[in-house]
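The values are calculated or read from the model by the stated rules, or taken from the named source; none is laboratory data. Being a predicted model, the structure only gives us computed values, none of them experimental. Cβ: placed from backbone, ideal geometry, glycine included. Neighbour counts: every protein chain shown.
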Amino acid sequence: MKRIVLTLIWMVAVIQITPAQNLPQLNYFLPDIPYDQTITKPAAFLGYEVGERHVSHDQLYYYMKQLAGESKRIKLIEYARSFEQRPLICLIITSEKNQGQLETLRLRHLSLSDPKQSARLNVDDVPLVLYQGYSIHGNEASGSNAALAMAYYLAAGQNAEINELLDKTIILFDPCFNPDGVQRFSNWVNSHKSQTTVSDPTTREFNEPWPRGRTNHYWFDLNRDWMPQQLPESKGRVRLYHQWRPNVLTDHHEMGSNATFFFMPGEPTRVNPNTPKLNQQLTKEIGRYHGESLDAIGSLYYTREGYDDYYYGKGSTYPDVNGAVGILFEQASARGHAQTTSNGLLTLAFAARNQVRASFSTHKAAVGMRTKLLNYQRDFYKTALEEAGQDPVKGYVFSAGKDQAIINQFLDILLANQVKVYKLKSNLNSITTETGYLVPTNQLQYRLVKGMFEKRTTFEDSLFYDISAWSYPLAFNLEHKELNATDNISSLLGEEINRLPTLNYTLQNKGTYAYALEWDTYYAPKALYRLLNEQIRVRLMHDEFEIETLSGLKTFKRGTLLIPVQHQRHTGDQLFSLLKEIASDCAVSIAPLSKGLSLNGIDLGSPSSTVLGLPKVAMIVGDGVDANDAGEVWHLLDDRMSMPLALLDVSGLNAFKFEDYTTLVMVDGVYQLISAGTSARIKSWVASGGNIVAMGRAITWLNSQGICAATTKANVSSFEIKSGEVPMRPYANVSADGGSDLVAGAIFNTYFDETHPLAYGYSGKNLPLFRSNRIYLETPKNAYAAPFRYTSNPLLSGYITKTNLDQLKNSAAVLVSGTGAGKVICIPDNPNFRAFWYGTNKLFLNTLFFSSAIAGSTIQRAE
Ligand SMILES: [Zn+2]
């Protein structure tokens, strides 16, 4: 009987959907219940029905404001601004009665995550907090379109079920996680919409141009930034998250157009080991509500395949390490208005309706499992302390030496993740109290601390939806040490850090002879660009020198920048005031010097120095180029270093004047759209002194064009049998075998030649690099041409097969190649990964500033 009823409901649904001419009505999405007539319906505001066309971000924003103005159930807050200055908003939706005591309820709910208070808390009095978020990938738009109907339903719906929901829960309703992406995508699809349906997948509407709407302004994937929080959208969102500590967070996405619908749990063997087992059981139990809700309309779906809960930088996984349950939804994408797929015609309305159904089932689960989820959160923090007590690792000590700017970036991430961090009270090996910090494991965020610091090289599964390693001390290239029971942690714990230390870089005194600017701080390249752009003459010192400064004797390392007072366009006073400004703006240390003769090492007028030129940098972007990687470079130079970067579209290179630039950046990508003529022009530009920085597959392209001479090793499959008869393998394993052969984001150790200009600013012997490809460079015959190489045992953290690891061992990590007067610097890895790989940004920036200062150490290409 039940089945017959369900079939009937399903048939009604099918009749309502079909062609675009039969436009959906609001009742296609929402149940037939009474609605408050004073609340504006979406169509009355927008002039079109939900699902009829794609809502733009500004329309969505103003409709949400309209609802917030009309409904006493809603309080609207703006929690961040995107790079393009679009507001990120959240509607706090709950009963009118709860709205009247929102702050009391928030604090009561927060005390659940504090074991000192939570034991005496009666969860009957605590509302469940549910965070529902839509379309973090801007071109996965059914989420934000569904949010129109959902917000209306929550504002206007009148029945006992809604009353109970609003009474027992506080909903943080986030209609759009990615305003810039949604605006970019909606503009494309709406401007290509036809009045009569055109559903051919190859039509222009479904094929947005590079970089597409998935990402934010600088082409970052916001759904990888929940833990590192390098972008304003995530910073604001995670701040809001911790103000409320939700019990459930849902993250509404889309996937390929021929797929169905996915909801979590994901792959059971790919759950991050720091996530409690009970989390996955609760995810499964919540999944039953989703299943029922989709069964009722006949929508196909699946669970436990493809997606996973491993990387904590994702919206559906970050909550798992914060006492909550994160749920990922993936709906097949119409990627426009109505597209032909292997399941028939897929409309935006159909996709949005599934998102609405999954939002309803989340409400049902929130009410039905309320006490269970609240108790889970209470226990999560209680057991965190118990597990921390049993963990042999007692804490992590780290230091960035004197680089206050870089350590502040890391402290910022820790504080934003509610991690307790302290100054180091007594010296530990070479880490001193002056620059050292300590994160104890015995704290409420124990699991997240483990998730951020630990290095892991063994795994239950060999496939990863995203990266397999992200250990922060490695990403920041920090000197660090794990503490165990024999380290007396209480003797090491200093004062707790509650706010970021102020950066105190100042230049007090005027130099009468010269100034020395040290290169080993994060923003030194920003300072150098500013100096060169002001036409200040700057010498790069290729050797150490020990010299008298006003504050005593000091040794300056290789790579120090020397700014003589003479030979400048500026007067001594002008130079002093400019340098004073730069020291504090760019957080760099500048020392005034009064003479040129050093006590040890080179003198200030030494020929072991190079007068630096202003880098004029351009980057090839567009079809074939990895937009994430390109965006990371753009963000690094523009946002962090205040350096202009010309973005050259690959389709317009024929008209581009290479001679106006000193340096061309080519990130990972396939460059086959570059014509033979342009390739020849790039080659002659390099021959006459132009420099290229090439990463990933750009190296392969430059090799194929005779522009560089890096020898790549042949790719060997980990499953290839070298000799003898090939044994049969199960066909069912074919995709898993292929996936496990990838290097899907892991961290490897290199050693480097600290006398090489590309290594200036680095000290110590090793530099960890992040890698997510299988491009292995042979070490060259020229002994100077590979100044960074992988060690013989390079795996620091993450997953890699033995075959791949063997290929990587001792291979070149940075290779200096060239044609004529120019250099091609090849870096197979990505030194700017997701904006949180601070440790290798300097390597990349060195290539922009110092390539021309590398003499006689290149491998020349045989002509
Ligand atoms: Zn997505």
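Within the range 350-365, can one find any residue that is outside any helix (DSSP H, G or I), in contact (Cβ under 8 Å) with a residue 12 or more places away in the chain and either among the hydrophobic types (A, V, I, L, M, F, W, C) or surrounded by fewer than 17 Cβ atoms within 10 Å (Cβ to Cβ) (or both)?
Looking only at the range 350-365, we keep the residues that are outside any helix (DSSP H, G or I), and these are none.
Checked against the condition, which is being outside any helix (DSSP H, G or I), in contact (Cβ under 8 Å) with a residue 12 or more places away in the chain and either among the hydrophobic types (A, V, I, L, M, F, W, C) or surrounded by fewer than 17 Cβ atoms within 10 Å (Cβ to Cβ) (or both), the range 350-365 yields no hits at all.
Consider the range 777-803. How many of its residues are crowded, with 23+ Cβ neighbours inside 10 Å and among the polar types (S, T, N, Q)?
Counting residues in the range 777-803 that are crowded, with 23+ Cβ neighbours inside 10 Å and among the polar types (S, T, N, Q) gives 0.
On the basis of being touching a helix residue (DSSP H, G or I) at 6+ places or on another chain (Cβ under 8 Å), free of Cβ contacts under 8 Å to residues at least 60 places away in the same chain and closer than 30 Å to PHE220 by Cα, does LEU60 make the cut?
Numbers: touching a helix residue (DSSP H, G or I) at 6+ places or on another chain (Cβ under 8 Å): yes; free of Cβ contacts under 8 Å to residues at least 60 places away in the same chain: no; closer than 30 Å to PHE220 by Cα: yes.
Against the criterion (touching a helix residue (DSSP H, G or I) at 6+ places or on another chain (Cβ under 8 Å), free of Cβ contacts under 8 Å to residues at least 60 places away in the same chain and closer than 30 Å to PHE220 by Cα), LEU60 does not qualify.
Please go through the range 735-760 and give me each residue that is more than 23 Å from the chain's Cα centre (by Cα) and in a loop (DSSP other than H, G, I, E, B), ordered by number.
Hits for the range 735-760 are ASP741, ASP753, GLU754, THR755, HIS756, TYR760.
So if I check each of TYR731, TYR751, which one is aromatic (Phe, Trp, Tyr) and closer than 30 Å to ILE406 by Cα? Steps first, please.
Working: TYR731 fails: closer than 30 Å to ILE406 by Cα.
Going through TYR731, TYR751 in turn, the sole match is TYR751.
Just give me the residues in the range 239-265 being within 16 Å of the ligand (Cβ to nearest atom), within 24 Å of LYS364 (Cα to Cα) and not polar (S, T, N, Q), in sequence order.
Within the range 239-265, LEU249, ASP251, HIS252, HIS253, GLU254, PHE261, PHE262, PHE263, MET264 meet the criteria.
Report the residue count in the range 64-79 for those that are over 21 Å from GLN25 (Cα atoms), among the hydrophobic types (A, V, I, L, M, F, W, C) and either more than 32 Å from the chain's Cα centre (by Cα) or outside any helix (DSSP H, G or I) (or both). Explain how you work it out, then say what you get.
Step one: of the range 64-79, the residues over 21 Å from GLN25 (Cα atoms) are 65, 68-79.
Retained after the next criterion (residues that are among the hydrophobic types (A, V, I, L, M, F, W, C)): 68, 74, 76-77.
Cutting the leftovers down to either more than 32 Å from the chain's Cα centre (by Cα) or outside any helix (DSSP H, G or I) (or both) gives us 74, 76-77.
Residues in the range 64-79 being over 21 Å from GLN25 (Cα atoms), among the hydrophobic types (A, V, I, L, M, F, W, C) and either more than 32 Å from the chain's Cα centre (by Cα) or outside any helix (DSSP H, G or I) (or both): 3 in total.
Using the structure shown, decide if LEU463 is surrounded by 16 or more Cβ atoms within 10 Å (Cβ to Cβ) and touching a strand residue (DSSP E or B) at 6+ places or on another chain (Cβ under 8 Å).
Details: surrounded by 16 or more Cβ atoms within 10 Å (Cβ to Cβ): yes; touching a strand residue (DSSP E or B) at 6+ places or on another chain (Cβ under 8 Å): no.
Considered against the rule, which asks whether it is surrounded by 16 or more Cβ atoms within 10 Å (Cβ to Cβ) and touching a strand residue (DSSP E or B) at 6+ places or on another chain (Cβ under 8 Å), LEU463 comes out as no.
Could you tell me whether any residue of the range 329-342 is among the aliphatic types (A, V, I, L, M) and within 16 Å of the ligand (Cβ to nearest atom)? Steps first, answer last, please.
First pass over the range 329-342, keeping only residues among the aliphatic types (A, V, I, L, M): 332, 334, 338.
From what's left, within 16 Å of the ligand (Cβ to nearest atom): 332, 334.
Yes, the conditions are met somewhere in the range 329-342.
Taking the conditions exactly as written (surrounded by fewer than 22 Cβ atoms within 10 Å (Cβ to Cβ) and not hydrophobic (A, V, I, L, M, F, W, C)), does GLU161 satisfy them or not?
On the way: surrounded by fewer than 22 Cβ atoms within 10 Å (Cβ to Cβ): yes; not hydrophobic (A, V, I, L, M, F, W, C): yes.
Considered against the rule, which asks whether it is surrounded by fewer than 22 Cβ atoms within 10 Å (Cβ to Cβ) and not hydrophobic (A, V, I, L, M, F, W, C), GLU161 comes out as yes.
Go through (1) more than 16 Å from the ligand (Cβ to nearest atom); (2) in a helix (DSSP H, G or I) one by one and return the number of the condition PRO228 breaks.
So PRO228 meets the others, but not (2).
Hey, does the range 259-272 have a residue that's assigned to a loop (DSSP other than H, G, I, E, B), farther than 21 Å from ILE467 by Cα and touching a Phe, Trp or Tyr at 6+ places or on another chain (Cβ under 8 Å)? Spell out how you get there, then give the answer.
Step one: list which residues in the range 259-272 are assigned to a loop (DSSP other than H, G, I, E, B), which gives 259-260, 264-267, 272.
Those still in the list that are farther than 21 Å from ILE467 by Cα too: 259-260.
The next check asks that each one be touching a Phe, Trp or Tyr at 6+ places or on another chain (Cβ under 8 Å); those that pass are 260.
Within the range 259-272 (the criterion being assigned to a loop (DSSP other than H, G, I, E, B), farther than 21 Å from ILE467 by Cα and touching a Phe, Trp or Tyr at 6+ places or on another chain (Cβ under 8 Å)), the answer is yes, since at least one residue qualifies.
Is it true that GLY761 is more than 22 Å from LEU664 (Cβ to Cβ), touching a Phe, Trp or Tyr at 6+ places or on another chain (Cβ under 7 Å) and of a type in the set (Gly, Ala, Ser)?
So GLY761 fits the description; yes.
Do you know which residues across the range 561-582 are in a helix (DSSP H, G or I) and over 36 Å from the mean Cα position of the chain (by Cα)? Give the steps one after another, and end with the answer.
So the first thing to find is which residues in the range 561-582 are in a helix (DSSP H, G or I), and the list is 572-582.
Passing the criteria: GLY572, ASP573, GLN574, LEU575, PHE576, SER577.
Can you give me the number of residues within the range 526-560 that are at pLDDT below 95 and either within 37 Å of the chain's Cα centre (by Cα) or over 15 Å from TYR515 (Cβ atoms) (or both)?
The qualifying residues number 1.
What are the residues in the range 278-328 that are part of a helix (DSSP H, G or I), in contact with a Gly (Cβ under 7 Å, 6 or more places away or on another chain) and among the charged types (D, E, K, R), if any?
ASP320
So how many residues does the range 328-347 have that are under 28 Å from the mean Cα position of the chain (by Cα) and of a type outside the set (S, T, N, Q)? Before you say what the answer is, go through the steps one by one.
Within the range 328-347, the subset under 28 Å from the mean Cα position of the chain (by Cα) is 328-336.
Now restrict to residues that are of a type outside the set (S, T, N, Q): 328-330, 332, 334-336.
Result for the range 328-347: 7.
So which residues in the range 127-160 are over 23 Å from the mean Cα position of the chain (by Cα) and closer than 16 Å to ASP58 by Cβ?
Residues satisfying the conditions are ASN145, ALA147, LEU148, ALA151.
In the range 130-173, which residues are in a loop (DSSP other than H, G, I, E, B) and within 16 Å of the ligand (Cβ to nearest atom)? Give the derivation first.
Step one: list which residues in the range 130-173 are in a loop (DSSP other than H, G, I, E, B), which gives 135-141, 158-159.
Passing the criteria: SER135, ILE136, HIS137, GLY138, ASN139, GLU140, ALA141.
Name the one entry in TYR48, TYR61 that is more than 27 Å from TYR376 (Cβ to Cβ), assigned to a helix (DSSP H, G or I), away from the ligand (no atom under 16 Å from the Cβ) and modelled with pLDDT of 95 or more. So that I can check it myself, show each step before the final result.
Numbers: TYR48 fails: assigned to a helix (DSSP H, G or I).
Going through TYR48, TYR61 in turn, just one is more than 27 Å from TYR376 (Cβ to Cβ), assigned to a helix (DSSP H, G or I), away from the ligand (no atom under 16 Å from the Cβ) and modelled with pLDDT of 95 or more: TYR61.
For the list (1) over 27 Å from the mean Cα position of the chain (by Cα); (2) closer than 25 Å to ILE674 by Cα, I need the number of the one condition that PRO787 fails.
Tallying (1) over 27 Å from the mean Cα position of the chain (by Cα); (2) closer than 25 Å to ILE674 by Cα, PRO787 fails exactly one: (2).
Which of the strands (runs of 3 or more DSSP E) found entirely inside the range 496-552 contain at least 2 residues meeting this: among the β-branched types (Val, Ile, Thr)?
Details: elements: 514-517, 539-541, 545-549.
So the answer is 545-549.
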